Structures are given as C-alpha cells and as structure tokens.
Amino acid sequence: MVLHEVLVPERDAGTHSMKATARDVEEKGRGMCSTASGRDRSEALFGSANGREYRERVRSQYSSAKGALLTVSGFLSGHESMAESYFKRGAIDVRNARRILDVGCGMGRFVRRALQYAPPDATLVAADLSWAMLERVRLRVRDPRLRFAVADVTRLPFASESFDRVICAWVLEHLPQPELGLAELKRVLCPDGKLYVLVTEATVPGRISAWLWNCFPQRRDRFLGLCEQVGLACNSELWWTPVHRWLRLGGICLELHRK
C-alpha cells in the first residue's frame, strides 16, 4: 500500500511529540487535493475563506473538551453498542481486509473494533481533521497495526485504490457538500473494496443531534442519490435492530461499493 507522507507512525512517542508531528502534518496537508477531477470543486469550496472557516470550526469543536466527551455521548446515544453490533455480526466486515482506513476516526470507536476483527497482518490508518482527536485515539488504542494521519475527507492524502475497507462514520454531515467527501472516499477505495458510511439522518432525533454538533442532517433519498452521482452503489442499508428500521432511528448506515 502506498500512503502519503502525512502518515504519523510514531505511536510510541510522547504526547508533546505526537502533537508537534501532527501539527506539522496538518500544515503540509492544507493545500492537498488528491484527484484532478475533484480538485477544482474542492478548492473552490474548501480553499475559500468560507471553506477555511468551516474547517477551523470543525477542528476547533473536536479539539476542545466537547470532542473529549464523545466517549460519554457515544454510550448515551447508543452509538458504542451499535458499532459493536455491526462488527460482531459482520454487517461491517473487516475479517479479510488487509488495508483499512477510518476517516474521521473521532475517539476511535470504529478503530478499536476494526482492529479486534481484522487479520493480524492488517494495517489500519486512523485519519482525522483534528490532531487532538488522533492523540486521544493514540492514548486509548495500543496496537502496532495502527497508523495515524491528519487529513481532510475532501482531500485525502492517499494514493488511489489504497484501501480494501473504508469506514467513515458521522463525518459527511459536517460538509456543506457531502458529495465531495463521497468522491474522495470512492477514489481511495479498491475496485472490489467496501465502503461503510454512517451519517446523521434528517429525523427529529437527527436534527437535535445536528444542532448539538453543528452539522447538516441528511435526507435518506437525497444522500443515496449523491452516492449514485459520484459512482457509488449501495450494497445494503444497515440497521441496528428491526425496531430501529421500523422507527427510522440510528441514522443512515450504508455499505457501498464502486460502480
């Protein structure tokens, strides 16, 4: 697997060293856009003053004490149990994956479980826009298979077709144009790989969550249309339980592949 220099493999480094390295990497990554086709649109939005303001707002929110509370909020919302259920029953399947990417890894909810179920020789890259979130993951998860990268989902610093599994949970709803993130996720996914996307849905609970986290809840039909638009087909819609399917709870959770 060819990965860009923004990888931060020094996972045994001290806290100060990790922060300094991630900050340096963050500066290197600010101007990157990984595909010619998506470069103009990504730069037009995220290279603008409004785009920079958006990026700094997200980074600031998750680098603060609010981001540190994600573990608690995950238990209260049920997201921790839901993630465990998806991996345990194979709805999110990494058992034969060798190259795994978790974009917007947060506190490492999916990182921990992916490492639990992935093969011993797998490599998992935890990527996040916030170096502080990566530091929190580094302190919580000790595994030699784990690497880190400060990265923006709209401009991922990885070679095309680098990963056979990509996970992106509760990230794309932060984008004014989520199709830009979807296009990048597709680009780094292998032709026969699987992409797992989870986003906040525009239901009553979803709108409350979106208000708390300053994001844009998605309509299911529109979001599925965006997936098709960028060349991603839906293998299946994932639901925590039949009750969640019936009540339309738990967000939009999809297994996707390249068309």
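Structure notes:
- Taking the listed residues GLU135, GLU161, the one that is out of contact with any His (no Cβ under 7 Å at 6 or more places or on another chain), outside any strand (DSSP E or B), charged (D, E, K, R) and in contact (Cβ under 8 Å) with a residue 40 or more places away in the chain is GLU135, with no other qualifying.
- The one condition in (1) of a type outside the set (Gly, Ala, Ser); (2) surrounded by fewer than 21 Cβ atoms within 10 Å (Cβ to Cβ); (3) in contact with a Gly (Cβ under 7 Å, 6 or more places away or on another chain); (4) within 16 Å of GLY108 (Cβ to Cβ) that ASP128 fails to fulfil: (2)
- Residue tally, condition closer than 15 Å to TYR86 by Cα and among the aromatic types (Phe, Trp, Tyr), over the stretch 224-259: 2
- Restricting attention to the stretch 99-132, the residues that are in a helix (DSSP H, G or I) and farther than 18 Å from THR154 by Cα total 10.
- The set of residues in the stretch 193-208 that are in contact (Cβ under 8 Å) with a residue 40 or more places away in the chain and surrounded by fewer than 20 Cβ atoms within 10 Å (Cβ to Cβ) comprises THR203, PRO205.
- Some residue of the stretch 75-98 being in contact (Cβ under 8 Å) with a residue 40 or more places away in the chain, in a strand (DSSP E or B) and touching a helix residue (DSSP H, G or I) at 6+ places or on another chain (Cβ under 9 Å): no
- The set of residues in the stretch 193-221 that are among the charged types (D, E, K, R), closer than 12 Å to GLU173 by Cβ and more than 18 Å from the chain's Cα centre (by Cα) comprises ARG207, ARG219.
We did not get these values from a lab; they are worked out from the coordinates using the rules stated. Please read all numbers here as calculations on a predicted model, not as lab measurements. Note that each Cβ is placed from the backbone with ideal geometry, even for glycine, and that neighbours are counted across all protein chains shown.
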